[in-house]
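This report refers to the structure that appears directly beneath it.
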Amino acid sequence: LAPTTLADAGFGKFFGRFHPIVIHFPIALLIVAALIEAVRLLSSKARRPTSFGLIAVIFAAVFGVLSAASGWLNAEHEGAEATTDLFLHRWLGVSVAGLSVVLAATAILAAIRREPADQLELEELPPSRTFAIYRYGLIVAAVLVAFTGHLGGELVYGDGYLMKAWPDSDDDAKPEPKPI
């Protein structure tokens, strides 16, 4: 029988192996955009996403969806062991990708929001709910993507990989990577 989908034809395995490459871009974009918005929280005059934040979240959404899809395919085609870490990493990755798409739409809406013509009225106007949802959602997404990335690192490099490098760690042995 002929393959019914591109994934069955071997494309899934090929695309899945791009996961380590495409995943780092949306992680960086989300975290940097969240840091910029966290710093801007100190300014009560901010009422729209920065240009960088808007572009970063749109790219993070696109690459986040590609990362989630390639990660799912990578685990399927490379025979990853079905563990709790894989389950959490997989579904948190899908959740962060979905949240990124929502944040991109919210950022676009916040960016095109009409402002009052009177400058005095503008200064008294609080940021819109749309912008607040974008701003706080972005910070939540950055925390989630950091935790999801940590789980992914443990899947590849082994449990406790990060903390084993801590000075004064009792375990100086190099951890064995887990097969994906």
Kindly establish whether THR50 is open to solvent by less than 50 Å² (accessible area, probe 1.4 Å) and modelled with pLDDT under 90.
yes
Need the failing condition index for ALA82 against (1) assigned to a helix (DSSP H, G or I); (2) at pLDDT 85 or above, just the number.
(1)
For the structure I just gave you, tell me whether ALA82 is in contact with a Lys or Arg (Cβ under 9 Å, 6 or more places away or on another chain) and surrounded by fewer than 20 Cβ atoms within 10 Å (Cβ to Cβ).
no
State whether the residues of region 141-164 include one that is within 14 Å of ARG48 (Cβ to Cβ) and modelled with pLDDT of 85 or more.
no
If we scan region 129-138, do we find a residue that is at pLDDT 90 or above, in a helix (DSSP H, G or I) and among the charged types (D, E, K, R)?
no
I'd like the residue in region 23-79 that is assigned to a loop (DSSP other than H, G, I, E, B) and of a type in the set (Lys, Arg) and, out of all such residues, is farthest from the chain's Cα centre (by Cα).
LYS45
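The values are calculated or read from the model by the stated rules, or taken from the named source; none is laboratory data. None of these values were measured; they are calculated from a predicted model. Glycine gets a Cβ as well: all are built from the backbone with ideal geometry, and neighbour counts include every protein chain shown. With ligands, DNA and RNA removed, areas are computed over all heavy atoms of the protein, side chains included. Shrake-Rupley method; radii C 1.70, N 1.55, O 1.52, S 1.80 Å.
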